[in-house]
Amino acid sequence: MKEPIIIIGMHRSGTSLLSRILEKMNVFMGHDLEENHESKFFIKTNNKLLYKSGATSKNPNNLKIHLDDRNNFNLSLKMVKKRLSSSKSYIYLGKDLFNQYKSIFNLEIPWGWKDPRNTYSISIWLEIFPKAKIIHIYRNGIDVANSLLNKSNYWKNNTLLNIIRKPFLFSLRGVLIQFSKRYRPRNLDDAFKIWVQYINQAKEMIEKYKKNTLEIKYEDLLQNPSIYIKKLAEFCNLKVDQNKIIQIIKIINPSRKFIYKNNIQLKKYYFKKSEILRKFGY
């Protein structure tokens, strides 16, 4: 079995971009990818861990507390192993790979997945895949908080608009489930607080499992893509030539770096949170 590449990091921090870059390097990231380039199979698996611990995307620390208890950890581990070994892995593998390998545990190709929830469930994944490559990508907290807030408002407004337009497609139960599953910050402070939780947890995990980990600052990747593509390739034992690097650079948008600087209110908010941001190199 080839050990996976597991991406951790806060939502809206460049995890999707990193997943797409790895895919361009011929890393299989899942047959069942949703809009943020996340495997639906692994999202559901991580969500089951969150649910069992009483945690949510808004309050993920409950999962950390839950897994610190050895009995809870072992029960969670058993559940995840059972799911990975079941025919449900077909969702991640797709028809061709499932027919070829039959199980995720038999994969002999470069593979992995991206899910911000990995940040809190990584101890489970490393128990199953002890030699996995862990990549943490992080981004300025002001841009993350603002992006999270904008994404939340967009989803909420469009969902409500669709309910008005086509009420026959929606049930009250279904709408409530969707709203409960998604984290919607009330304001910038709320979103920034979650960023702090995630980046602290990720930094702790990187320090704990430093042997097989790589950290990338999102802004550095945008500014020097060629350097970081080569670092990724070396870390993951992947081969990339110059032509491949040129192709990958085309999907990277350097204008995404420090977007908050173009907004007066966000610049003010940056100074308000500057002491915290400086701890993480911002």
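The values are calculated or read from the model by the stated rules, or taken from the named source; none is laboratory data. From a predicted model like this one, the values you see are computed outputs, not experimental measurements. FYI the Cβ positions are ideal-geometry reconstructions off the backbone, even for glycines, and counts take in every protein chain you see.
Out of the residues in the range 63-78 that are under 21 Å from the mean Cα position of the chain (by Cα) and touching a residue at least 24 places away in the same chain (Cβ under 8 Å), state the one that is surrounded by the most Cβ atoms within 10 Å (Cβ to Cβ). Of everything passing the filter in the range 63-78, Leu63 is surrounded by the most Cβ atoms within 10 Å (Cβ to Cβ). Sub-9 Å Cβ pairs linking a first residue in the range 225-237 that is on the phi > 0 side of the Ramachandran plot to a second residue that is at pLDDT 95 or above and not in a helix (DSSP H, G or I), at least 6 apart or interchain, are Asn237/Pro110; Asn237/Lys133, ordered by first then second residue. Which of the numbered conditions does Lys181 fail, given that it passes all the others? Conditions: (1) farther than 22 Å from Ile142 by Cβ; (2) modelled with pLDDT of 95 or more; (3) of a type in the set (Lys, Arg). So the condition that Lys181 fails would be (2). For the range 41-81, a residue qualifies if it is β-branched (Val, Ile, Thr) and assigned to a helix (DSSP H, G or I), and the qualifying residues are Ile43, Thr45, Ile65, Val80. Would you pick out the residues in the range 101-153 that are under 15 Å from the mean Cα position of the chain (by Cα) and assigned to a loop (DSSP other than H, G, I, E, B)? Correct list: Asp115, Pro116, Arg117, Arg139.
The set of residues in the range 240-262 being under 27 Å from Asn200 (Cα atoms) and in contact (Cβ under 8 Å) with a residue 24 or more places away in the chain consists of Ile252, Asn253, Pro254, Arg256, Lys257, Phe258, Ile259, Tyr260.
Of note, Leu84 satisfies the criterion of being out of contact with any His (no Cβ under 7 Å at 6 or more places or on another chain), assigned to a helix (DSSP H, G or I) and surrounded by 13 or more Cβ atoms within 10 Å (Cβ to Cβ). Selection of the range 256-279 for residues being among the basic types (Lys, Arg) and within 27 Å of Leu18 (Cα to Cα) yields Arg256, Lys257, Lys261, Lys267, Lys273, Arg278, Lys279.
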